[in-house]
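The values are calculated or read from the model by the stated rules, or taken from the named source; none is laboratory data. Computed from a predicted model, the values in this text were never measured in an experiment. Cβ placement follows ideal geometry from the backbone for every residue including glycine, while neighbour counts extend to all protein chains displayed.
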Amino acid sequence: MLVDAYGRPVKAPSQDEQTASVGALHREFADHPSSGLTVSRLAEILRDAEQGNLRAQAELIEDMEEKDGHILAELSKRKRALTGLPWAIFPPARPTAAEQKNAEHLAELFEEIPDIEDLLFDVMDGVGKGYANLEIAWRLVDRVWLPREIILRPAGWFHTPPENRHELHLRDGSPNGVELTPFGWIQHLHKAKSGYVTRAGLGRVLAWPYLFKVYAVRDLAEFLEIYGLPLRLGKYPSGATDKEKATLMRAVMNIGHNAAGIVPDGMAIEFQEAAKGSHLPFEAMIAWCERTQSKAILGGTLTSQADGKTSTNALGNVHNEVRRELLESDALQVASTLTRDLVYPIAALNGLAPDGLRRAPRFRFDTSEPEDLVAWGGAVPNLVDAGFRIPVGWAHGKLGIPLPQKDEPVLARTAPAAPAVASTRMAALAAQPTPPDELERLATDMGADWERVMDPLIAPILALAAASDDFDGFRQGLTDLLAGQDLAPLIESLAQGQFAAGVWGRVNGGRA
């Protein structure tokens, strides 16, 4: 009997989507809870989500991505970083020949899945919301089951049943909802943070700085609307009628934008000093909110924007390393989901996983970074010459170079051309040792005598260094020691060498 990853029996997959039977969901439109969002309303939305009512929270996070360009940009970086990774289908550990063949066949079937890059991007929607449910519509072609399309369904279509906050059901108006059909969904539960599925997404972390940023932007807009415009003060004479007062008020209100207006005779408009203030507090609040969002999404700020004060190449590299850790974590989580909900269903329906999920092929991203070819190209031969036994597969993996397949052409070293006869003779002559001249002999003699001259000078310094407790004491002792040393033998040896070299130069100066 065919069962899914959770042991539930699986019938032949339907070529229609499960959501087609819940028509009310397709007629639903978002309520956009971000409109008029307040602190109390946000707290209420988050509490409702903890109780299983996920619609408002999911729609709020969707609104945040649409309305806040910074959140959209940072989440897009994290999503697209994963879609750019190479991936492959691998057999299970220590595969048999049949399991290896099944994995290769499955990899060929995966090439027929439409828009696999879009699939990876949609799965990463779970980073913000905590989950992403993609519905699979199957097709049967030449007795092979393959997905016809894989569609990301709105996160607001799901909720958690009261008795199990780790499980997602399709909303149908009942308290528990409808359990998702086996082999009918890719259900990715992304743990951006620990907690129930309703609290595991980054959206709950991003919601508060998003709200504070909305307040700051609104206040900044109001400030800019009045900043620089002088206060218009209208004066009317005593006894003015209500109609005359209203006429003066309209003139005062309009003159600021139109720069022109009329008032009745006997009335006047005075311009007071422009409003005072600064935009800096608002911009500081907005900047704090965006830094907090960047830290939550990417683990740092220096890979997303420069603040002009702390941005350095070294710090940027550290933050890039943090992003690398997040990418590897995302890759592991998504690969596990796709192995369970896409690779295994395709393999099981087509007879490529006879032993169940435990021995089914695996989906895996390649998150390794190829090593520096130049550095390793010089190091590996030296290590081999030194006696290290380096496996070929390990070296290929380190350098990101695939092993050649059977009968596949490979590059080979080109044999050096044979040297010409003249070149060979020149090389032989160059290789012959030249007899040392008199200056070399002089240098050799002086080198042999160097220890006799220098040992009496160096030995007291070494002894002082060993006996000193700190650097200051050594420096003071060294000053006293040098003042009392006898340098006459050293001076005499150097003078003799200089004299001998001078004599040799005068005698042999005219020789070619």
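Could you pull out every one of the strands (runs of 3 or more DSSP E) wholly within segment 110-215 that has 1 or more residues that are among the hydroxyl-bearing types (S, T, Y), assigned by TED's automatic domain parsing to the domain that holds K295 and modelled with pLDDT under 95?
Of the strands (runs of 3 or more DSSP E) lying wholly inside segment 110-215, none has at least 1 residues that are among the hydroxyl-bearing types (S, T, Y), assigned by TED's automatic domain parsing to the domain that holds K295 and modelled with pLDDT under 95.
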Per the list (1) out of contact with any helix residue (DSSP H, G or I) (no Cβ under 8 Å at 6 or more places or on another chain); (2) of a type outside the set (F, W, Y); (3) under 19 Å from L352 (Cβ atoms), residue check on P161 breaks on (3)
Here the qualifying pairs (Cβ atoms under 6 Å; residues six or more apart or on different chains; first in segment 316-345 and assigned by TED's automatic domain parsing to the domain that holds L109 and surrounded by 14 or more Cβ atoms within 10 Å (Cβ to Cβ); second part of a helix (DSSP H, G or I) and at pLDDT 95 or above) come out as V334/V123
For this session: Considering every residue within segment 237-245, establish whether at least one is in contact with a helix residue (DSSP H, G or I) (Cβ under 6 Å, 6 or more places away or on another chain) and either modelled with pLDDT of 85 or more or crowded, with 16+ Cβ neighbours inside 10 Å (or both).
Result: no
What about A200, is it farther than 25 Å from A43 by Cβ, in contact (Cβ under 8 Å) with a residue 40 or more places away in the chain and aliphatic (A, V, I, L, M)?
no
Scanning segment 10-28 for residues that are out of contact with any strand residue (DSSP E or B) (no Cβ under 9 Å at 6 or more places or on another chain) and either in a loop (DSSP other than H, G, I, E, B) or within 30 Å of G356 (Cβ to Cβ) (or both) gives K11, A20, R27, E28
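Look at segment 80-96 and say how many of its residues are of a type in the set (V, I, T) and either free of Cβ contacts under 8 Å to residues at least 60 places away in the same chain or not in a strand (DSSP E or B) (or both).
2
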Over segment 6-51, the set of residues among the small types (G, A, S) and closer than 23 Å to L211 by Cβ is A30, S34, S35, G36, S40, A43, A49
| Do we find a residue being without any contact (Cβ under 8 Å) to a residue 40 or more places away in the chain and buried (at least 20 other Cβ atoms within 10 Å of the Cβ) anywhere in segment 58-76? | no
